[in-house]
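The values are calculated or read from the model by the stated rules, or taken from the named source; none is laboratory data. Not measured: the values here are computed from a predicted model. When we count neighbours, we look across all protein chains shown, and the Cβ atoms used for this are built from the backbone with ideal geometry, even at glycine.
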Amino acid sequence: MAEAREITKDNILVIEDDELFLKTLINLLKKEGYEVYSARTGQEAIELAKKKCFDLLIADIRLTGGMDGLEVLKNIKDIYSHPNKMIVMTGYADDEAPIRAIRLGVNDYIYKPFRTEDFLHSVKRNLDTLRLEKQEKKFIEDAKEMRKELEEYNTQLENLVKEKTDDLTLLFEVGREITSSLRLDEVLATIVERILDVLGLEICSIILLDENKDELFIAAAKGLSQDIIAQTRIKIGEKISGWVFESKEALLVEDIEKDTRFAKGNEERYYTGSFISVPLIFKGRAIGVINVNNKRSREIFNKDDLRLVLCIADQASIAIENARLYSNLEGVYLQIVSALTSIIELKDHYTKGHSDRVTKYAMVIAEAMGLSPSQVEIIRLSCQLHDLGKIGIQEYILTKPAKLTEEEWEEIKLHPLKGVEILRPLAFLKDEIKLVEQHHERYDGKGYPYGLHADSIDIRARIMAVADSFDAMTTERPYARGLTLFEAKEELIRNSGSQFDPKIVEVFINLLDKNPDLFKKS
Ligand SMILES: [Fe+2]
């Protein structure tokens with residue numbers, strides 16, 4: 001049974017000027033099922049070949065009409081761009097013809113008279129070969145096509161993997177940045193900045209719930225005016241943010257004017273009409289909303305953008321809640337610290353207000369020296385805590401109205417380490433613990449508890465040492481009067497470079513000169 005692709009018959013052009021012989025050949029070939037065409041002259045054959053593509057050309061070498069069979073075949077070969085087969089017939093011995101036939105690429109050379117079966121065998125063999133060659137060519141082309149498709153598929157796959165890897169890397173980095181701080185304002189600012197960067201935006205805002213008023217406010221934003229940030233208040237369920245907060249559903253809107261939910265009466269600012277609004281959810285509870293608007297490219301937002309914002313929102317919710325938790329912890333902790341310092345001051349009433357004054361002096365010195373607000377904050381807490389270890393010192397030593405014995409003095413010198421022991425479980429106060437530990441170290445290495453020297457003492461502890469000593473020397477004691485401001489400054493200068501860091505003394509003296517009220521005891 002013939003295969004489907006063989007339904008089209010092989011077609012043959014026979015070029016022969018002997019009419020009787022031509023007819024015989026046509027009949028023979030038709031009987032075999034071939035589609036046969038004929039030409040009696042070379043010109044007639046060339047005209048036919050221009051119109052139709054023949055699988056097999058059978059030509060007599062000697063033809064009437066000017067061209068011989070080989071010239072005709074050469075002309076036709078020049079016309080065709082596809083493979084075909086050629087058989088030439090001759091009844092004459094000719095030395096040149098076989099060579100010309102080989103050069104032309106003729107596939108078979110038949111001498112007349114020939115046996116019918118030999119002729120048909122040659123025709124069949126050439127057409128079979130042609131078919132195989134065509135199949136092979138098609139197979140190679142198909143294979144090339146498949147390879148091309150496979151390469152395209154691989155490229156798409158590689159791009160997809162790269163895209164996903166880039167997304168993951170980006171989210172990992174964003175997550176790490178967002179969670180690198182425990183200060184709520186820093187966390188919110190980082191979230192806004194990173195979303196702006198990642199999506200190439202002009203506007204991003206974080207809306208949080210004001211639990212006291214049960215309404216939403218803008219907690220952090222970029223691209224909005226200060227007036228809008230300060231004045232915006234949104235009821236839960238109202239406007240876009242209120243709707244997203246209440247429904248806990250993310251919104252991707254391509255054109256707000258065509259969105260029946262928000263087209264009317266919306267006062268939020270979306271001047272390109274396309275925006276994303278996603279809820280911040282922590283443990284199933286809505287805590288806020290992230291709004292993103294206005295791509296710098298002016299493109300509308302798509303599902304990939306939404307996916308990214310949702311991923312960032314997941315991490316942002318955790319970071320925001322952690323920061324709030326930390327803030328609450330800090331509040332509780334500060335109350336405890338305040339209570340503890342009161343206890344010390346109760347034990348040693350001569351030192352009443354000492355911690356607050358040391359805090360005041362150390363903070364102004366730190367600010368004048370250009371330390372960052374977060375460093376100043378660490379100094380503030382450390383000053384409040386610096387003598388906490390005195391809780392562990394016997395009360396009679398702290399309140400002794402006379403000079404201390406050597407043994408009593410040795411016990412007093414234990415208070416920085418006792419303070420460290422009390423604070424050690426509070427790992428988040430790592431820096432503060434270090435400063436409490438070092439606040440009695442001296443610049444010349446003669447301090448305690450370790451005898452650290454100059455730069456090996458933390459600069460913040462060196463500031464605290466100046467502030468602490470200044471307050472001690474200006475405070476009245478039962479066994480010694482307090483120094484005046486002038487005397488205290490002289491004392492600081494006299495000990496500059498030995499007990500104190502000279503740079504810090506210089507800064508503090510300048511501050512006291514410019515603002516003597518700093519010394520006023522409150
Ligand atoms: Fe102390």
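What to note about this one:
- Per-region count, region 222-263, residues within 19 Å of Leu310 (Cβ to Cβ) and basic (Lys, Arg): 1
- Out of Ala427, Ala472, Ala454, Ala465, sole residue that is at pLDDT below 95 and within 11 Å of the ligand (Cβ to nearest atom): Ala472
- Number of the condition not met by Asp167 [criteria: (1) touching a helix residue (DSSP H, G or I) at 6+ places or on another chain (Cβ under 8 Å); (2) under 29 Å from Met86 (Cα atoms)]: (2)
- Any hit, region 499-510, residues being within 15 Å of the ligand (Cβ to nearest atom), surrounded by fewer than 21 Cβ atoms within 10 Å (Cβ to Cβ) and either touching a residue at least 12 places away in the same chain (Cβ under 8 Å) or assigned to a helix (DSSP H, G or I) (or both): yes
- Subset of region 53-96 that is small (Gly, Ala, Ser) and in a loop (DSSP other than H, G, I, E, B) - its residue that is farthest from Asp17 (Cα to Cα): Ser81
Matching residues to (1) among the aliphatic types (A, V, I, L, M); (2) away from the ligand (no atom under 16 Å from the Cβ):
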{"site": "Ala366", "(1), (2)": "yes, yes"}
{"site": "Glu406", "(1), (2)": "no, yes"}
{"site": "Gly445", "(1), (2)": "no, yes"}
{"site": "Tyr448", "(1), (2)": "no, no"}
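- Residue in region 409-419 that is of a type in the set (Lys, Arg) and either within 15 Å of the ligand (Cβ to nearest atom) or touching a Lys or Arg at 6+ places or on another chain (Cβ under 6 Å) (or both) present: yes
- Qualifying residue in region 468-476 (condition: surrounded by 14 or more Cβ atoms within 10 Å (Cβ to Cβ), touching a residue at least 60 places away in the same chain (Cβ under 8 Å) and closer than 19 Å to Leu417 by Cα): yes
Residue-by-condition table, conditions (1) part of a loop (DSSP other than H, G, I, E, B); (2) over 12 Å from Ile290 (Cβ atoms):
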site	(1), (2)
Ala189	no, yes
Ile203	no, no
Leu224	yes, yes
Asp227	no, yes
Ala230	no, yes
Val244	no, no
Glu249	yes, yes
Glu257	no, yes
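- Considering residues of region 377-396 that are in a helix (DSSP H, G or I) and acidic (Asp, Glu) only, the residue nearest to the ligand (Cβ to nearest atom): Glu395
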